[in-house]
1. Whole-Hz ³J(HN,Hα) for each residue in the range 32-39, computed from phi via Karplus 6.51 cos²θ - 1.76 cosθ + 1.60 with θ = phi - 60°, x for glycine and proline: what do you get?
2. Which aspartates and glutamates have a Cα lying under 19 Å from the Cα of Lys57, excluding residues fewer than 8 positions away in the same chain?
Amino acid sequence: MLQGNISVVNNFDGLIKSYFMPQAASPLLTRPSDERMAAYEKAAIQDALAKSRGNRKKAAQILGISEATVYRKTRTYQIKV
């Protein structure tokens, strides 16, 4: 009986290792490039500004960031408000 339990534990341990430690990283688990992140960030800010009709304070609330960050990012990405 004890041998059977050990076998189950070993198999379970292998299952956990194979699930949490994949041999090759999935494309979904890799970090996006800086350009891709910048494009995503710019699009999110543009969307929030459109929803808030150009109101930076409301856009900041939508995004969960400070108004100063929205202002700085609009200058960085040359977003017209």
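What follows is calculated from the coordinates using simple rules that are stated; it is not laboratory data. Keep in mind the model is a prediction, meaning the values are calculated, not measured.
1. x, 5, 4, 5, 5, 5, 5, 5
2. Those aspartates and glutamates meeting the cut-off are Glu41, Asp47, Glu67.
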